[in-house]
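One structure is given here, and the rest of the page talks about it.
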Amino acid sequence: MSTIIDSGRVAEHNAQLRAGLDADYEALGGMLARRGVDIERMTALAQTFAVALPSWGVGTGGTRFARFPGRGEPRNVFEKLDDCAAIHQLTRATPGVSLHFPWDKTTDPAALRQQAEHHGLYFDAVNSNTFQDQAGQEHSYKYGSLTANNAATRAQAVAHNIECIALGKALGSRALTVWVGDGANFPGQHNLRGALERYLDSMREIYAALPADWLVFIEHKLFEPAFYATTIADWGTSFACAQTLGDKARCLVDLGHHAPNTNIEMIVARLAQFGKLGGFHFNDSKYGDDDLDSGSINPFQLFLVFNELADAAEREGAAFKPAYMLDQSHNVTDPIESLMSSAVEVQRAFVQSQLVDRAALRQHQEANDALASAQALKHAYRTDVSAILAMARLRAGGAVDPVACYRASGYRTQVAEARPAKAGVSGSGIV
Ligand code: PSV
Ligand code: MN
C-alpha cells in the first residue's frame, strides 16, 4: 500500500504526542476498569470501524447561491482518490469510497480499481445522478427522472442507473444508491399517486438489473429541489418502496434529510426491526441544510443513532451490517480536514454506544425507571473516548491527531501547486 503523506512525518508527529496519549489512555483505562469495561476491547472495536468517503466531498461544495473553490481541489476521480487515500492514511477509519456517476465516470475502471487497491481503498455503494442534466443528454430531467411523465425520459434515467451498476460491478462495488430530486413545486403539479407508481415501475427495471450479491439503497429526502411534494420524501415512502421491490432493496438514511427535530434514531430502530436498514449518509443539519459536518451540530443525536445500531447488532448478530458513508458539503473548511474530523466523530459515536451498559439499561426500562434509563445513556455519551480513538489510529499506522498531522504535512500546498485552479471561478454548488 502506498502512502500519500510522507510516513516519516506521520511517525514524527506521533512521537511528539505519544507520551501525552499514553498518559490519557492509562487514565481512561483505569476509569473504565472501575466500570467493568476493558479499554483494550474498546480499542479493538474502534479499529473495526469504517465509514466510506463521498468522492464528491473532497471538493468544495457550495450552495444554491455560489461556490467558492478551495486550493488544490481534485480535478478528476484519480485525484479524488488521492485525497481519500490521505484521509484514510491518517484516520485509518475510511477505507471505502463512494463514487457518484457521471461525475466520476471513467473509461478505464480497471485502472481506477487498481489505483484504489494501490492506496488500500475499496469502492462502497455507487450513486446515480438523475437530478442534473448532463451535456449532450437527450431528455431533460427538469420535470423529473424516474417519475417523469415522458416515458423516454424515464427510460433514459433507468438506463443511467443500469450503467452505474455496470460501472460499479467493474470497480468491485456491491450496492447502488438511488436518490432522486423528483417532485412537485406546486399543489396539483403532480398526481401524487401516479408519480410514485411511475417511480416504482422505473425502480423495478433497475432492481431487475442488480447482480445477485448487490443491494439497492433508496435514499429519501424531505425537500429540495422539490419544494411542495418530493416523491421519496420520507422513510415511510422509502420503506414501502423497498418492501414492494424485494429483499435486495433497502432504505438509506441520510441524517440531514429530515425535518428539524425529527426522531431519527426511531426511524433507524424501525428500519432495523423490519430488516430494511440499508445504510447511512452521515452528516449534520441545523435548519434545512443537509450537509454539515457529522457531529458538528447535534452529536447526541449521532450517539443515539449508534445506540439503536448497537441494540440492533445485539439482536441480529453479524448479519446486521448497514453501509456507513459520509455525505457532506464543505464550503468554509478544507474538505480533507472536515472529512477526517467527521469520520472521527462518527467513530466516536460508535465507541460511545459500545459503552452503554445494555443489561443495566434493560433493567431500568423494565422497572419503568425513566431517569436511570436516560442516565445509562448519558453516562456512556459523556465519556471522552478520544484516547481510545487516537490509540486505535496509532496502532493501525494512522495519526494521533489527523488534522494537526495533515496541516503539518503541507499536503494542501503540494496539491495546490500540482492542481492549478481552472479558469472561471464561482459556479453554483452541488445539491
Ligand atoms: C442529496 O441531497 C444527496 O444527499 C444525495 O445523496 C446525493 O447523491 C448527494 O446528496 C450529492 O448531491
Ligand atoms: Mn445523501
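No lab work stands behind these numbers, since they all come straight from the coordinates. Keep in mind that this is a model prediction, so the values were computed, not measured. FYI the Cβ positions are ideal-geometry reconstructions off the backbone, even for glycines, and counts take in every protein chain you see.
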* Give me the distance between the Cα centres of the stretch 174-211 and the stretch 354-382, rounded to whole Å. => 41 Å
* Cβ-Cβ FRET estimate between Ala259 and Arg193, R0 fixed at 25 Å, reported to 0.05 -> 0.65
* Structure fact -> Label model pair Thr63, Ala212: point-to-point distance (7 angstrom along the Cα→beta-carbon line) in nm is 5.1 nm
* Burial ordering of Phe68, Phe186, Phe282, Phe49, fewest other beta-carbon atoms within 10 Å first -> Phe186, Phe68, Phe49, Phe282
* Asked: Most mobile of Thr107, Thr48, Thr230 per a Gaussian network model of the chain (Cα springs, under 10 Å)?
  -> Thr107
* Asked: Just how large is the dipole of the chain about the Cα centre, in debye to the nearest 20, putting +1 at every Lys and Arg Cβ and -1 at every Asp and Glu Cβ?
  -> 200 debye
* **At least 27 Å along the helix axis (C-alpha) and Kyte average at least 0.0, DSSP helices within the chain** => 151-171, 335-354
* Cα centroid separation, the stretch 2-66 to the stretch 253-320 (Å) -> 22 Å
* Loop trypsin sites (Lys or Arg not before Pro), the stretch 1-101 (other Cβ atoms within 10 Å of the site Cβ: 13 or fewer; DSSP) -> Arg35, Arg64
* **Length released on extending from Gln365 to Glu163, taking residue separation times 0.36 nm less the Cα-Cα span** => 67.8 nm
